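The values are calculated or read from the model by the stated rules, or taken from the named source; none is laboratory data. In this text, all values refer to a predicted model and were calculated from it rather than measured experimentally. Methodologically, a virtual Cβ is constructed for each residue, glycine included, from the backbone with ideal geometry; neighbour enumeration extends over all protein chains shown.
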Amino acid sequence: MALFITLAASGIALMLKAAVGVGAFDAATQSLSLVTGIKIGTIAMILNLSFVAGQWIILKKDFGFRHMLQIPLSILLGTMVNFFYYDFFGTLAVESYILSLIMYVVALVLVSFSTGIVMAIDLVTFPIESLCMSLAEIIPFKFGTLRQLFDVLSVVLSVVLTLIYGLAPSIREGTVIGMLIFGPLMGFFINKAQPILKKSGIVEKVRA
């Protein structure tokens, strides 16, 4: 799982380097990073750990080991995003728009593949999804609605910061491409990975 979290982080870094727009959460972290001067991965780490803290407040005694595993996941993901974005791909600069778009799509496939494998392993859920599931138990909103609301708030935050501080926009055509193909791609990889993981003994059962 740590391997695929690292691969996902490399894909996120490449998407950011492509500079043609990123997903809602990454757009918010990128805008906050530009305003505060704090590294993007560190911003993501802080937000994810705050989501874990929110689950602990909501769930109390039901906050278990699987929830605790989100802490090392958040730290690993944030650390690896920083490493790939600022160090490994630090000098990478693509001046061609077409090449940037191709790089973005390749990175998007890598992120959807890696995230799909992590979801298929089903050992730990990403903090933002877990927080939405926890909130759905105490307020009259479904998980899907809450998850969508988080994306809307992330986009609004990014746009507001962009307008106030004159930042380079993080919401662009890549954001739209990601909205259209990320979910279906991740579902495709999950469906392909689950039988292999079950056969190899990594998971005991396949989700319906």
task = Scan region 162-179 and give yes if some residue there is free of Cβ contacts under 8 Å to residues at least 12 places away in the same chain, surrounded by 13 or more Cβ atoms within 10 Å (Cβ to Cβ) and not hydrophobic (A, V, I, L, M, F, W, C), otherwise no.
result = no
ask   = Any residue in region 60-70 that is under 21 Å from ALA28 (Cβ atoms), at pLDDT 95 or above and either in contact with a strand residue (DSSP E or B) (Cβ under 9 Å, 6 or more places away or on another chain) or of a type outside the set (Phe, Trp, Tyr) (or both)?
value = yes
request  = Please work out if ILE139 is free of Cβ contacts under 8 Å to residues at least 24 places away in the same chain and either assigned to a loop (DSSP other than H, G, I, E, B) or under 26 Å from GLN194 (Cα atoms) (or both).
outcome  = yes
message = Within region 1-102, considering only helices (runs of 4 or more DSSP H) that don't extend past its boundaries, which have at least 3 residues that are among the hydroxyl-bearing types (Ser, Thr, Tyr)?
response = 24-36
query = So, of the residues in region 122-135 that are aliphatic (A, V, I, L, M) and not in a helix (DSSP H, G or I), which turns out to be surrounded by the fewest Cβ atoms within 10 Å (Cβ to Cβ)?
reply = LEU123
inquiry  = For the list (1) modelled with pLDDT of 95 or more; (2) closer than 24 Å to LEU153 by Cα, I need the number of the one condition that GLY23 fails.
reply    = (1)
note = (1) part of a helix (DSSP H, G or I); (2) of a type outside the set (Lys, Arg); (3) in contact with an Asp or Glu (Cβ under 8 Å, 6 or more places away or on another chain) all hold for SER170 apart from (1)
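Would you confirm, using the coordinates I've provided, whether THR42 is farther than 23 Å from ALA168 by Cα, of a type outside the set (A, V, I, L, M) and under 18 Å from the mean Cα position of the chain (by Cα)?
no
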inquiry  = Cβ-Cβ distance below 8 Å, separation of 6 or more or different chains: which pairs start in region 76-95 with a residue that is at pLDDT 95 or above and end on one that is buried (at least 17 other Cβ atoms within 10 Å of the Cβ) and in a loop (DSSP other than H, G, I, E, B)?
reply    = ASN82/LYS39; TYR85/LYS39; TYR86/LYS39
ask   = Quick one: how many residues across region 87-105 are out of contact with any helix residue (DSSP H, G or I) (no Cβ under 8 Å at 6 or more places or on another chain) and either surrounded by 13 or more Cβ atoms within 10 Å (Cβ to Cβ) or more than 22 Å from GLY41 (Cβ to Cβ) (or both)?
value = 6
Residues that are farther than 29 Å from LEU34 by Cβ and crowded, with 16+ Cβ neighbours inside 10 Å, drawn from region 136-161 = ALA136
note = Of the residues in region 1-57, those that are of a type outside the set (A, V, I, L, M, F, W, C) and either out of contact with any Phe, Trp or Tyr (no Cβ under 9 Å at 6 or more places or on another chain) or surrounded by fewer than 17 Cβ atoms within 10 Å (Cβ to Cβ) (or both) come to ASP26, THR29, GLN30, SER33, THR36, GLY37, THR42, SER50, GLY54
key: So SER114, is it over 22 Å from ILE71 (Cβ atoms), surrounded by 19 or more Cβ atoms within 10 Å (Cβ to Cβ), touching a residue at least 40 places away in the same chain (Cβ under 8 Å) and small (Gly, Ala, Ser)   = no
